[in-house]
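FYI, it's all coordinate maths here, none of it is from the lab. Remember, it's a predicted structure, so these values are computed and weren't measured experimentally. Neighbour counts run over all protein chains shown; Cβ positions are idealised from the backbone, glycine included.
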Amino acid sequence: MSPDVSAQVEYRIVRNGVVREVERGRILKTDVCDAHPELLRAARNVGRPTKEVCPICDEGRLVKVTFVFGAKLPAGGRCPGTAAELKKLCRRPEPVLCYEVEVCPDCAWHHLMRKYPAGGPKVRRKAVL
Ligand SMILES: [Zn+2]
């Protein structure tokens, strides 16, 4: 397993752990379903739908939202509205860091699923989508 893949597995394990704790009543739903309004807006407008149903409310369909951070980007990160825009951000000459978050627009559950570097000089990378 490449480090990137094992990191993804780790995020998944952490996420499933949180879900279990909510099911057991050890963590309040309100503590985990607190997506920032900005994140919810991004989820509704530019989120990429997944086939997965929200593990918390069992109703909403999860969507993926990617935030890109880096030099010359807004402090809160840029949230690309299209796959093409994301690809372009990942090809910037300045290195960037992408955060992929799963969000439930229904109950505001959110969790980091993936974090990966992109951009940078003279690095050829396959589009990460
Ligand atoms: Zn939900």
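If you take just the helices (runs of 4 or more DSSP H) that sit entirely in the stretch 18-129, which of them hold at least 2 residues that are within 15 Å of the ligand (Cβ to nearest atom) and exposed (fewer than 13 other Cβ atoms within 10 Å of the Cβ)?
Values: elements: 29-32, 37-46, 83-89.
Ranges flagged: 29-32.
Would you pick out the residues in the stretch 37-88 that are farther than 15 Å from D106 by Cβ and among the β-branched types (V, I, T)?
V46, T66, V68, T82
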